[in-house]
Amino acid sequence: MGTDSRAAGALLARARTLHLQTGNLLNWGRLRKKCPSTHSEELRDCIQKTLNEWSSQISPDLVREFPDVLECTVSHAVEKINPDEREEMKVSAKLFIVGSNSSSSTRNAIDMACSVLGVAQLDSVIIASPPIEDGVNLSLEHLQPYWEELENLVQSKKIVAIGTSDLDKTQLEQLYQWAQVKPNSNQVNLASCCVMPPDLTAFAKQFDIQLLTHNDPKELLSEASFQEALQESIPDIQAHEWVPLWLLRYSVIVKSRGIIKSKGYILQAKRRGS
(Lines give C-alpha, C1' and ligand atoms only; values in the text may rest on other atoms or scores of the structure.)
Protein backbone atom coordinates (compact mmCIF):
# COMPACT_ATOMS: atom_id res chain seq x y z
CA MET A 1 0.00 0.00 0.00
CA GLY A 2 2.92 2.37 0.77
CA THR A 3 4.29 2.36 -2.79
CA ASP A 4 0.76 2.57 -4.25
CA SER A 5 0.01 5.51 -2.02
CA ARG A 6 3.24 7.30 -2.95
CA ALA A 7 2.54 6.90 -6.68
CA ALA A 8 -1.02 8.14 -6.22
CA GLY A 9 0.22 11.04 -4.10
CA ALA A 10 2.77 12.03 -6.73
CA LEU A 11 0.11 11.98 -9.46
CA LEU A 12 -2.35 14.02 -7.40
CA ALA A 13 0.36 16.54 -6.53
CA ARG A 14 0.77 17.35 -10.25
CA ALA A 15 -2.78 16.88 -11.57
CA ARG A 16 -5.34 19.68 -11.76
CA THR A 17 -8.56 17.66 -12.05
CA LEU A 18 -9.75 14.37 -10.58
CA HIS A 19 -12.59 12.36 -12.10
CA LEU A 20 -13.69 9.61 -9.75
CA GLN A 21 -16.23 7.00 -10.76
CA THR A 22 -17.24 3.92 -8.83
CA GLY A 23 -18.57 1.91 -11.75
CA ASN A 24 -21.59 -0.26 -11.01
CA LEU A 25 -21.73 -0.79 -7.25
CA LEU A 26 -23.61 -4.04 -7.85
CA ASN A 27 -20.37 -5.38 -9.43
CA TRP A 28 -18.19 -4.52 -6.43
CA GLY A 29 -18.45 -7.94 -4.78
CA ARG A 30 -15.98 -8.07 -1.87
CA LEU A 31 -15.53 -4.28 -1.92
CA ARG A 32 -19.14 -3.63 -1.04
CA LYS A 33 -19.84 -2.67 2.54
CA LYS A 34 -22.75 -4.83 3.64
CA CYS A 35 -25.19 -2.21 4.96
CA PRO A 36 -24.09 1.42 5.06
CA SER A 37 -26.38 3.17 7.51
CA THR A 38 -26.68 6.43 5.56
CA HIS A 39 -26.19 7.77 2.03
CA SER A 40 -23.27 9.88 3.29
CA GLU A 41 -21.60 6.80 4.80
CA GLU A 42 -22.10 4.83 1.60
CA LEU A 43 -20.64 7.66 -0.46
CA ARG A 44 -17.58 8.12 1.73
CA ASP A 45 -16.96 4.37 1.70
CA CYS A 46 -17.26 4.38 -2.12
CA ILE A 47 -14.80 7.26 -2.50
CA GLN A 48 -12.21 5.60 -0.27
CA LYS A 49 -12.48 2.17 -1.86
CA THR A 50 -12.39 3.61 -5.38
CA LEU A 51 -9.22 5.53 -4.48
CA ASN A 52 -7.67 2.43 -2.90
CA GLU A 53 -8.44 0.22 -5.92
CA TRP A 54 -7.16 2.85 -8.35
CA SER A 55 -3.98 3.36 -6.30
CA SER A 56 -3.24 -0.37 -6.40
CA GLN A 57 -3.43 -0.45 -10.22
CA ILE A 58 -1.39 2.62 -11.21
CA SER A 59 0.86 1.78 -14.15
CA PRO A 60 4.48 3.05 -14.40
CA ASP A 61 3.50 4.71 -17.70
CA LEU A 62 0.88 6.84 -15.95
CA VAL A 63 3.42 7.99 -13.35
CA ARG A 64 5.81 9.01 -16.15
CA GLU A 65 3.08 10.97 -17.95
CA PHE A 66 1.82 13.00 -14.95
CA PRO A 67 -1.53 13.79 -16.65
CA ASP A 68 -3.45 16.97 -15.83
CA VAL A 69 -6.69 14.99 -15.50
CA LEU A 70 -6.72 11.80 -13.43
CA GLU A 71 -9.37 9.17 -14.18
CA CYS A 72 -9.85 7.25 -10.96
CA THR A 73 -12.13 4.22 -11.17
CA VAL A 74 -12.77 0.62 -10.12
CA SER A 75 -11.99 -0.88 -13.52
CA HIS A 76 -13.66 -4.27 -13.00
CA ALA A 77 -16.94 -2.57 -12.01
CA VAL A 78 -17.26 -0.33 -15.07
CA GLU A 79 -20.33 -1.36 -17.06
CA LYS A 80 -21.80 0.34 -20.12
CA ILE A 81 -25.39 -0.25 -21.16
CA ASN A 82 -25.81 -2.67 -24.05
CA PRO A 83 -27.23 -0.59 -26.96
CA ASP A 84 -29.64 -3.44 -27.78
CA GLU A 85 -31.12 -3.16 -24.26
CA ARG A 86 -31.22 0.65 -24.03
CA GLU A 87 -34.97 0.94 -24.73
CA GLU A 88 -35.69 -1.45 -21.88
CA MET A 89 -33.79 0.69 -19.35
CA LYS A 90 -34.63 3.90 -17.48
CA VAL A 91 -31.46 5.88 -16.77
CA SER A 92 -31.91 8.42 -13.97
CA ALA A 93 -29.50 10.72 -12.17
CA LYS A 94 -29.42 13.18 -9.31
CA LEU A 95 -26.85 15.96 -9.49
CA PHE A 96 -25.39 17.59 -6.38
CA ILE A 97 -23.45 20.82 -6.87
CA VAL A 98 -20.83 20.85 -4.10
CA GLY A 99 -18.07 23.44 -4.50
CA SER A 100 -18.77 25.08 -7.83
CA ASN A 101 -20.64 28.22 -8.73
CA SER A 102 -20.25 27.47 -12.42
CA SER A 103 -23.26 26.24 -14.35
CA SER A 104 -20.85 24.48 -16.74
CA SER A 105 -20.51 21.84 -13.99
CA THR A 106 -24.00 20.71 -14.96
CA ARG A 107 -23.00 19.99 -18.55
CA ASN A 108 -19.72 18.36 -17.48
CA ALA A 109 -21.59 16.02 -15.14
CA ILE A 110 -24.19 14.97 -17.71
CA ASP A 111 -21.59 14.50 -20.46
CA MET A 112 -19.52 12.32 -18.15
CA ALA A 113 -22.53 10.26 -17.04
CA CYS A 114 -23.48 9.59 -20.68
CA SER A 115 -19.89 8.60 -21.47
CA VAL A 116 -19.56 6.31 -18.43
CA LEU A 117 -22.84 4.53 -19.19
CA GLY A 118 -22.38 4.44 -22.97
CA VAL A 119 -25.65 6.25 -23.71
CA ALA A 120 -26.53 9.32 -25.77
CA GLN A 121 -29.23 10.52 -23.39
CA LEU A 122 -30.36 10.34 -19.76
CA ASP A 123 -34.09 9.80 -19.17
CA SER A 124 -34.36 11.89 -16.02
CA VAL A 125 -32.11 14.28 -14.11
CA ILE A 126 -32.98 15.85 -10.76
CA ILE A 127 -30.84 18.68 -9.47
CA ALA A 128 -30.39 19.03 -5.73
CA SER A 129 -30.66 22.58 -4.41
CA PRO A 130 -27.29 24.32 -4.96
CA PRO A 131 -25.27 25.26 -1.85
CA ILE A 132 -26.04 28.67 -0.37
CA GLU A 133 -24.68 30.58 2.59
CA ASP A 134 -26.09 29.86 6.04
CA GLY A 135 -29.06 32.03 6.85
CA VAL A 136 -29.86 32.70 3.19
CA ASN A 137 -33.10 31.33 1.72
CA LEU A 138 -32.93 29.58 -1.63
CA SER A 139 -34.27 31.87 -4.35
CA LEU A 140 -35.01 31.54 -8.05
CA GLU A 141 -31.78 33.44 -8.77
CA HIS A 142 -29.74 30.65 -7.13
CA LEU A 143 -31.38 28.02 -9.32
CA GLN A 144 -31.54 29.88 -12.65
CA PRO A 145 -27.99 29.34 -14.00
CA TYR A 146 -28.15 25.59 -13.34
CA TRP A 147 -31.68 25.26 -14.68
CA GLU A 148 -30.78 27.14 -17.88
CA GLU A 149 -27.96 24.64 -18.47
CA LEU A 150 -30.36 21.73 -17.88
CA GLU A 151 -32.79 23.31 -20.36
CA ASN A 152 -29.99 23.51 -22.94
CA LEU A 153 -29.28 19.82 -22.35
CA VAL A 154 -32.96 18.95 -22.86
CA GLN A 155 -33.02 20.97 -26.09
CA SER A 156 -29.86 19.21 -27.32
CA LYS A 157 -31.52 15.86 -26.44
CA LYS A 158 -28.98 14.90 -23.76
CA ILE A 159 -31.79 14.68 -21.17
CA VAL A 160 -35.49 13.84 -21.55
CA ALA A 161 -36.97 15.22 -18.30
CA ILE A 162 -35.64 17.46 -15.53
CA GLY A 163 -36.73 17.88 -11.93
CA THR A 164 -35.97 19.62 -8.67
CA SER A 165 -35.44 18.69 -5.05
CA ASP A 166 -36.67 20.22 -1.80
CA LEU A 167 -38.52 23.17 -3.30
CA ASP A 168 -41.53 24.43 -1.41
CA LYS A 169 -44.70 25.54 -3.20
CA THR A 170 -43.56 29.16 -3.66
CA GLN A 171 -40.10 28.19 -4.98
CA LEU A 172 -41.54 25.57 -7.32
CA GLU A 173 -44.18 27.99 -8.62
CA GLN A 174 -41.56 30.69 -9.30
CA LEU A 175 -39.37 28.23 -11.19
CA TYR A 176 -42.32 26.83 -13.12
CA GLN A 177 -43.51 30.27 -14.23
CA TRP A 178 -40.01 31.39 -15.28
CA ALA A 179 -38.67 28.19 -16.87
CA GLN A 180 -38.89 27.36 -20.57
CA VAL A 181 -38.55 23.64 -19.86
CA LYS A 182 -40.86 22.97 -16.93
CA PRO A 183 -39.85 20.71 -14.01
CA ASN A 184 -41.64 17.38 -14.29
CA SER A 185 -40.86 16.31 -10.71
CA ASN A 186 -39.91 17.65 -7.29
CA GLN A 187 -38.38 15.53 -4.56
CA VAL A 188 -39.50 16.08 -0.98
CA ASN A 189 -37.44 14.96 2.01
CA LEU A 190 -39.78 13.11 4.34
CA ALA A 191 -37.37 13.63 7.24
CA SER A 192 -38.33 17.31 7.17
CA CYS A 193 -42.05 16.76 6.59
CA CYS A 194 -43.84 13.51 7.35
CA VAL A 195 -46.81 14.58 5.25
CA MET A 196 -46.68 16.32 1.88
CA PRO A 197 -47.61 20.02 2.33
CA PRO A 198 -51.17 20.47 0.96
CA ASP A 199 -50.31 23.65 -1.01
CA LEU A 200 -47.39 21.86 -2.72
CA THR A 201 -49.57 18.83 -3.46
CA ALA A 202 -52.30 21.00 -4.99
CA PHE A 203 -49.85 22.97 -7.14
CA ALA A 204 -48.09 19.82 -8.35
CA LYS A 205 -51.39 18.18 -9.25
CA GLN A 206 -52.59 21.26 -11.15
CA PHE A 207 -49.45 21.40 -13.30
CA ASP A 208 -48.79 17.66 -13.57
CA ILE A 209 -45.56 17.70 -11.54
CA GLN A 210 -44.72 14.38 -9.93
CA LEU A 211 -43.92 14.60 -6.20
CA LEU A 212 -41.30 12.06 -5.15
CA THR A 213 -39.73 11.34 -1.78
CA HIS A 214 -36.05 11.04 -0.87
CA ASN A 215 -33.90 10.67 2.24
CA ASP A 216 -30.67 12.38 1.18
CA PRO A 217 -29.11 14.61 3.84
CA LYS A 218 -29.00 18.37 3.24
CA GLU A 219 -25.29 18.02 2.47
CA LEU A 220 -24.46 14.63 0.96
CA LEU A 221 -20.79 15.47 0.42
CA SER A 222 -18.98 18.34 2.11
CA GLU A 223 -15.55 19.64 1.17
CA ALA A 224 -14.22 18.49 4.55
CA SER A 225 -15.59 14.92 4.29
CA PHE A 226 -14.16 14.55 0.77
CA GLN A 227 -10.74 15.75 1.94
CA GLU A 228 -10.82 13.36 4.90
CA ALA A 229 -11.63 10.41 2.60
CA LEU A 230 -8.82 11.48 0.28
CA GLN A 231 -6.31 11.81 3.13
CA GLU A 232 -7.20 8.43 4.65
CA SER A 233 -6.85 6.63 1.31
CA ILE A 234 -3.73 8.46 0.13
CA PRO A 235 -1.75 9.77 3.12
CA ASP A 236 1.01 11.23 0.88
CA ILE A 237 -1.14 14.09 -0.33
CA GLN A 238 -2.11 17.66 0.52
CA ALA A 239 -5.80 16.79 0.71
CA HIS A 240 -6.81 20.35 1.66
CA GLU A 241 -5.78 21.44 -1.85
CA TRP A 242 -8.60 19.40 -3.42
CA VAL A 243 -12.17 20.68 -3.72
CA PRO A 244 -15.10 18.56 -4.96
CA LEU A 245 -17.08 20.48 -7.60
CA TRP A 246 -20.02 18.17 -8.19
CA LEU A 247 -21.31 14.69 -7.52
CA LEU A 248 -23.72 12.68 -9.66
CA ARG A 249 -25.52 9.54 -8.49
CA TYR A 250 -27.07 7.42 -11.22
CA SER A 251 -29.28 4.37 -11.44
CA VAL A 252 -30.29 2.14 -14.33
CA ILE A 253 -33.63 0.38 -13.86
CA VAL A 254 -35.18 -2.36 -15.99
CA LYS A 255 -38.53 -0.75 -16.87
CA SER A 256 -40.62 -3.90 -17.14
CA ARG A 257 -39.50 -5.35 -13.81
CA GLY A 258 -38.57 -2.29 -11.76
CA ILE A 259 -35.26 -3.81 -10.68
CA ILE A 260 -31.97 -1.92 -10.43
CA LYS A 261 -29.44 -3.15 -12.98
CA SER A 262 -26.75 -0.61 -12.19
CA LYS A 263 -26.04 2.23 -9.80
CA GLY A 264 -23.01 4.31 -8.95
CA TYR A 265 -21.39 7.67 -8.31
CA ILE A 266 -19.35 10.03 -10.48
CA LEU A 267 -17.47 12.95 -8.97
CA GLN A 268 -15.26 15.78 -10.21
CA ALA A 269 -12.75 17.59 -8.00
CA LYS A 270 -10.19 20.30 -8.75
CA ARG A 271 -6.94 21.32 -7.11
CA ARG A 272 -7.14 24.84 -5.71
CA GLY A 273 -5.49 27.47 -7.84
CA SER A 274 -5.37 25.22 -10.93
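The values are calculated or read from the model by the stated rules, or taken from the named source; none is laboratory data. All values derive from a computational prediction rather than experimental measurement. Please note: Cβ atoms are built from the backbone with ideal geometry, for glycine as well, and neighbour counts cover all protein chains shown. Note: areas computed on protein heavy atoms with side chains; ligands, DNA, RNA excluded. Shrake-Rupley method; radii C 1.70, N 1.55, O 1.52, S 1.80 Å.
For the stretch 37-48, the condition of being among the small types (Gly, Ala, Ser), surrounded by fewer than 18 Cβ atoms within 10 Å (Cβ to Cβ) and over 25 Å from Gly9 (Cα atoms) holds for at least one residue. Looking at the stretch 218-274, which of the residues that are among the hydroxyl-bearing types (Ser, Thr, Tyr) and out of contact with any Cys (no Cβ under 7 Å at 6 or more places or on another chain) is modelled with the lowest pLDDT? Selected residue: Ser274. Only a single item in (1) under 13 Å from the mean Cα position of the chain (by Cα); (2) surrounded by fewer than 22 Cβ atoms within 10 Å (Cβ to Cβ); (3) at pLDDT below 95 is not met by Ser104, and it is number (1).
Just give me the residues in the stretch 186-216 being under 18 Å from Leu138 (Cα atoms), of a type in the set (S, T, N, Q) and in contact with a helix residue (DSSP H, G or I) (Cβ under 9 Å, 6 or more places away or on another chain), in sequence order. Scanning the stretch 186-216 gives a single hit, Asn186. Against the list (1) touching a Leu at 6+ places or on another chain (Cβ under 8 Å); (2) surrounded by 13 or more Cβ atoms within 10 Å (Cβ to Cβ); (3) not hydroxyl-bearing (Ser, Thr, Tyr), the condition Leu150 fails is (1). Only one of the listed residues (Lys255, Lys263) is touching a residue at least 60 places away in the same chain (Cβ under 8 Å) and open to solvent by 80 Å² or more (accessible area, probe 1.4 Å). That residue is Lys255. Restricting attention to the stretch 135-147, the residues that are open to solvent by 40 Å² or more (accessible area, probe 1.4 Å) and closer than 26 Å to Val195 by Cα total 3.
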